[in-house]
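Below is one structure, written out as C-alpha cells; comments come after it.
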Amino acid sequence: MASVSLDTINPKVLKCEYAVRGEIVTLAQALQEELKSKPGSHSFDEILYCNIGNPQSLGQQPITFFREVLALCDHPSILDKSQTRSLFSADAIKRARQILDQIPGRATGAYSHSQGIKGLRDTIAAGIEARDGFPADPNDIFLTDGASPAVHLMMQLLIRSEKDGILCPIPQYPLYSASIALRGGTLVPYYLDEAAGWGLEVSELKKQWADAKSKGITPRALVVINPGNPTGQVLAENNQREIVDFCKKEGLVLLADEVYQENVYVPEKKFHSFKKVARSMGYGEKDISVVSFQSVSKGYYGECGKRGGYMEVTGFGPEIREQIYKLASVNLCSNISGQILSSLVMSPPKVGDESYESFSAEKDGILSSLARRAKTLEDAFNTLEGVTCNKAEGAMYLFPCISLPEKAIKAAEAVKTTPDNFYCRRLLNATGIVFVPGSGFRQAPGTWHCRCTILPQEDKIPAVVSRLTEFHRSFMEEFRE
Amino acid sequence: MVKVMVWHADAIERAWQILDQIPGRATGAYSHSQGIKGLRDTIAAGIEARDGFPADPNDIFLTDGASPAVHMMMQLLIRSEKDGILCPIPQYPLYSASIALHGGTLVPYYLDEATGWGLEVSELKKQLADTKSKGITPRAVVVINPGNPTGQVLAEDNQRGIVEFCKQEGLILLADEVYQENVYVPEKKFHSFKKVARSMGYGEKDISIVSFQSVSKGYYGECGKRGGYMEVTGFGPEIREQIYKVASVNLCSNISGQILASLVMSPPKVGDESYESYYAEKDGILSSLMRRAKTLEDAFNNLEGVTCNKAEGAMYLFPCIRLPEKAIKAAEAAKTAPDNFYCRRLLNATGIVFVPGSGFGQVPGTWHFRCTILPQEDKIPAVVSRLTEFHKSFMEEFRN
C-alpha cells in the first residue's frame, strides 16, 4: 500500500529544483562521512564547502554587539544582575532594555504582531530612511524568517496560473525558479550580459517581456538581484533608473532582492536601493510597486541560522496590503530573535557608542577580508586554461565561465549529466572542493559555469587555489583533443 | 561575599553538549535542512522514551514552528481542487487556510459535541464516501489531538479506529500533536498516533503518519521562538527526497527554535541540578492551566443558553451558545454572523476578545466562540464577572 508515490504527489514539487543544496552537496556529505570513517582514503583530508552563502559555517565570527543584545533579550532576568555589567558592554545592555520595552510584557517568547514588533519596525524604517534619504513607513515592513518566506509570499500573491510570468535574471539565485515552480507560474528569463560584466540591458528586458506576451504569458513582476547572486555585479545607478522606468511603464511589480546591500567591494560602485532610485526620479506610491527584500544572513553579519529578514512593500493599495497581512498572519509571526537582529542590522552602533570602535573593527575586518578573497579567487580563476571570471563587485560569489573541451562534454553526456556538473563532480572527488554547477543557476545555453563562494577563511584560500589549479590542469590534459 | 549564580551548572553542561553537536559551534550558520543532526538524535530519543517505539532522526524535519511543516505536507499532497483533505469541524484554521492556499478541497468531518467532541469513525467513513461520490480524491486525514478548539483528548481505542481507517483507505494521517503536554484530566492520556499504530503491529509499509510538534504550547509556550518539527514515517525514499528538497529551498529553520525543540523533547531529568526548579515551574503552569480550564468551563455553563464541554486538554474552551431569534436577526441586519455579532458586542462592552466559532467551522445552525484559558489566574475572576454581566444583559436585550 503506497498511498503516495512520485506519480501522485503535486507535480509542482517534482518540478522545483534547488541546486545550492542539490546533488553535489549530497555527494560531498557522503565523502565527508568517508573521510571520518576511513581517514586517508582520499588525497585530501577535508571537504571545502564553497557551495553556499553560509559565512559562519566557515569560521566567520558573529558581530559581538549583536550577539550581546540577543543574549540579553533572550534571558532578561540577567539584565539586573551585577555580573552582567562585567560580561556585556553598557550599550548592549541599554539596547536590550530599549528593545524589551518595545515588546509587550517583555515577552520574547510570545507571538508578536504578524508584521513583526512595531518598535522594531520603527527602527528598521528609520534605518532605511537614514540609508536612502527618503522616508520609510513601518507599516510597509513585514518581518519574516529570512528573506525566503517573503519571496514565497509575493510569488503566492502574484501567480494565478502558468499564464503568469515573473521575469528573472539568468543566471539567478534558484530560490526564484523554485518558488515560481512551486506556485505554478512561468519563469520568464532575461539574460545578463557576461561580456559586459553581467550587465542588465533594458533592451533585453523589453525583448523578453514582448516575447513572453506574444506567447500568451502575462508578465507580473521583475526580479532584480542587486548586488547579484551568483553574478556579483553591482548595478550602476543609471541602469537602475532605466529598470525603474521599464517597470513603471509596463506596470510590473519590481521585486528587488537587496540582501547583499552591505557587500560591495569596489570603490567605483555603491549600493542604491531601488526605492531610493524610484523616489529620486520623483516616483511615488502611485507610480510604481517596489518590494525590497533584506536579510540578516549576508552582509558582514552572516547570521544565516537566526532566520531574520524583512520585505518593505510600497506602491500597493490598502486592499492588497490587507491580503499580504492576512497571508503573513496564517503563520502568526517570524521568530523574535530574527526580528531583533533585523533591527540591529538596520541600526548598528554609531560613532560615540561604547561598542562602536570594536564593532567597526569587526565589520571592517570582515568586509575587507571578503574583498581580498574575492580578488584572490577571481585572479586564480582567470589564470586557469579556458576559464574567464568576471569580478565580484559585490555579494559573496564568483561565477567563472569554463570553456570545456568537446571530449569532456561527450564524457558528461556518456554519464548522463551536464558538463558543468561533470566538472564539479570530478573536482569534488579529486580535491574535496564543492562548487555548484552553473546549471543550478541557469546560464546562456551552450555556456558552462560554476559558482564558488568567497567564504573559506583566508588561511584556507591558498589550499583552495592550489588544489583547484592542479585539478584543472590535469582535467584539461585528460580531455585535451 | 555571597556568590550569586547566573546560570545553572546543568544548563551550562547542556549548552556545551549542544554546541559540540553544531559544526564549528556556529549557531549563526545555516544547518542541515532537516535540522542539526545531534538535535534530531535527541528528539528521536525523546520520542522513543515517550512512546516506547523507536524513532529515526532521519524522519525528523525541524521547522519554524509546526505551521511551515503543515504547509509543506499540503503542498506535497494537493495537486488540484480534486484532492481532498479530511479535516475535523471545528478545526484550527491553519488547515483550512493552507488547503485553500494550495488549491485543494477541505472535506469536513464533524466532531460530535453531544459526546464531548467525539470523533466517530462512522462519520469519517460517511464523509469519505460522500466526497468520493463527488469526484474528490481524499488524500489525508487531519486529526488534532488534543483538539483545537475543542479540547478533547482521544481515547486510545478511538485512535485505533482512526489508524485502521487510514490504513484501509490508504490515507495519510496528519497528526497535529502540538498540545501533547496539555492534558488536564486523569482519565485521559496522550498517545501519539505513531505509538498507537506501532502497538497495533503497523509499520512503515502499512501506514503513512506525519506527527506535528511545536514549542509554542505545552508548559513552555515559546511561541515567539518559532520552533517545531514533523516526524514523517511510512513514505518511500523517493518521496522523502522530495520533502527534503522542499525543505532545502528555505535552507533551514532557526537554530534557537531547533535547540528549543530538542530541549522540549529532552528536558531536565530526576537528579539533574535544575530538575527541582524546572519541575516546579512546569507543574505550576500545568496545574494552573487545569484550574483555569475548570473555572472558565463552569462559568460558561452557568450562562443562560450556553453549554460548554470540558477542556480535557489544549488551551481553549469552545462553548455553544443558543442565540435568541431576535439576536440572530440583529446580526443579519448588521450583515455579520450571529457569533461574530455576539463577540463584537462582548468586546465593546467588556474588552474581552473571543474568536467567533465561524472561524473554526461548526455544525450549521449552531453558534460557538473560542476562549483561551490563558489569562493569568488573578485576571480570571474579572473575565468571569464581566462576561457574566454582559451575557445577562445581552440575553435581556434580545429576549423574544
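The values are calculated or read from the model by the stated rules, or taken from the named source; none is laboratory data. What you see is a predicted model, and the numbers here were worked out from it, not measured in a lab. Positions of Cβ are generated from backbone atoms using ideal geometry, with glycine treated the same way; all protein chains shown enter the neighbour counts. Side chains are part of the model used for accessible areas, which takes the heavy atoms of the whole protein and leaves out ligands, DNA and RNA. Shrake-Rupley method; radii C 1.70, N 1.55, O 1.52, S 1.80 Å.
Of note:
- Other residues lying with their Cβ under 10 Å from the Cβ of A:S177 contribute a combined charge of +1, Lys and Arg counting +1, Asp and Glu -1.
- Charge sum, other residues only, whose C-beta stays under 11 Å from B:E304's C-beta, Lys/Arg counted +1 and Asp/Glu -1: +2
- The long axis of helix B:338-350 is offset from the longest Cα principal axis of chain B by roughly 90 degrees.
- Residue-count net charge about B:V121 - beta-carbon cut-off 10 Å; Lys, Arg +1, Asp, Glu -1: 0
- Residues losing 40 Å² or more accessible surface upon assembly, the stretch A:327-360, compared with the chain by itself, 1.4 Å: A:V330, A:N331, A:N335
- Of the solvent-accessible surface of the stretch A:221-353, computed with a 1.4 Å probe over protein heavy atoms with every protein chain present, carbon and sulfur atoms account for 49 percent.
- When +1 charges are put on Lys and Arg Cβ atoms and -1 charges on Asp and Glu Cβ atoms, the dipole computed for the stretch A:73-187 relative to its Cα centre reaches about 280 debye.
- Relative to the longest principal axis of the Cα atoms of chain B, the long axis of helix B:156-169 lies at roughly 80 degrees.
- The stretch B:25-182 - percent of accessible surface contributed by carbon and sulfur, probe 1.4 Å: 51
- P(r) histogram, all alpha-carbon pairs of the stretch A:322-466 included - 10 Å bins from 0, percent: 10, 28, 23, 21, 15, 3, 0
- Only Lys, Arg (+1) and Asp, Glu (-1) charged, at Cβ; chain B dipole about Cα centre in debye: 820
- Loop trypsin sites (Lys or Arg not before Pro), the stretch A:368-472 (other Cβ atoms within 10 Å of the site Cβ: 15 or fewer; DSSP): A:K416
- The portion of the accessible surface of the stretch A:375-474 made up by carbon and sulfur, rounded to a whole percent, is 56 (1.4 Å probe; DNA, RNA and ligands excluded).
- Our summary gives the stretch A:2-90 a relative contact order of 17 percent, counting only alpha carbon pairs under 8 angstrom and 6 or more residues apart.
- Amide H contacts of A:V436 (H built 1.01 Å from N, under 5 Å, at least 5 apart or other chain): A:R451
- Beta bridges by DSSP in the protein assembly as shown, antiparallel share as percent, to the nearest 5: 50
- Pairs of Cα atoms nearer than 8 Å and 6+ residues apart set the relative contact order; for the stretch A:117-251 it is 21 percent.
- Within the stretch A:219-279, the ratio Rg/Rh, alpha carbon atoms throughout and Rh by Kirkwood, equals 0.96.
- Extreme residue, positive dipole direction of the protein assembly as shown, given options B:A327, A:I63, A:S355 (C-beta unit charges): B:A327
- Sequence-ordered 3J(HN,Hα) estimates for the stretch B:326-332 from the Karplus curve with 6.51, -1.76 and 1.60 and θ = phi - 60° stand at 4, 5, 4, 5, 5, 5, 4 Hz, glycine and proline given as x.
- Percent of Cα pairs exceeding the 50 Å cut-off, where the set is the protein assembly as shown: 20
- Cβ-placed point charges (K, R +1; D, E -1), dipole of the stretch B:239-370 about Cα centre in debye, nearest 20: 560
- When each of B:K188/B:K310; A:K306/B:K217; A:K207/A:K276; B:K134/B:K329; B:K125/B:K205 is checked by Cα-Cα distance, pairs over 24 Å: A:K207/A:K276; B:K134/B:K329
- Counting only aspartates and glutamates at least 8 places from B:K195 when in the same chain, those with an alpha carbon closer than 13 Å to its own are B:E48, B:D51, B:E156, B:D157, B:E177, B:E204, B:E231.
- Pairs of Lys in the stretch A:333-481 closer than 20 Å at Cα, counting only those 8 or more apart or on different chains: 5
- Over chain A: helical MRE at 222 nm, DSSP H runs n ≥ 4 each giving -39500 (n - 2.57), nearest 500: -13500 deg cm²/dmol
- Degrees, to the nearest 10: B:37-51 long Cα axis against longest axis of chain B: 60
- For q = 0.20, 0.22 Å⁻¹, Debye-computed log10 I/I(0) when each Cα of the stretch A:1-105 counts as one equal scatterer: -0.98, -1.12
- Rg over Rh for the stretch B:81-204 works out to 0.95, both radii taken from alpha-carbon positions and Rh defined as the Kirkwood radius.
- A DSSP coil position with no more than 11 other Cβ atoms inside 10 Å describes the following GluC sites (Glu not before Pro) in the stretch A:176-276: A:E268.
- The phi-based Karplus calculation (6.51 cos²θ - 1.76 cosθ + 1.60; θ = phi - 60°) puts the 3J(HN,Hα) values of the stretch B:374-386 at 8, x, 4, 4, 6, 8, 4, x, 5, 4, 4, 6, 5 Hz, whole numbers, x for Gly and Pro.
- Distance between the stretch B:258-333 and the stretch A:379-394 - C-alpha centres, whole angstrom: 62
- Mean sequence separation of contacting Cα pairs (under 8 Å, at least six apart), scaled by the length of chain B, corresponds to a relative contact order of 18 percent.
- Accessible area per residue in Å² at 1.4 Å probe, computed on the protein assembly as shown: 39
- Computed from protein heavy atoms with a 1.4 Å probe, the total accessible area buried between B and A is close to 4600 Å².
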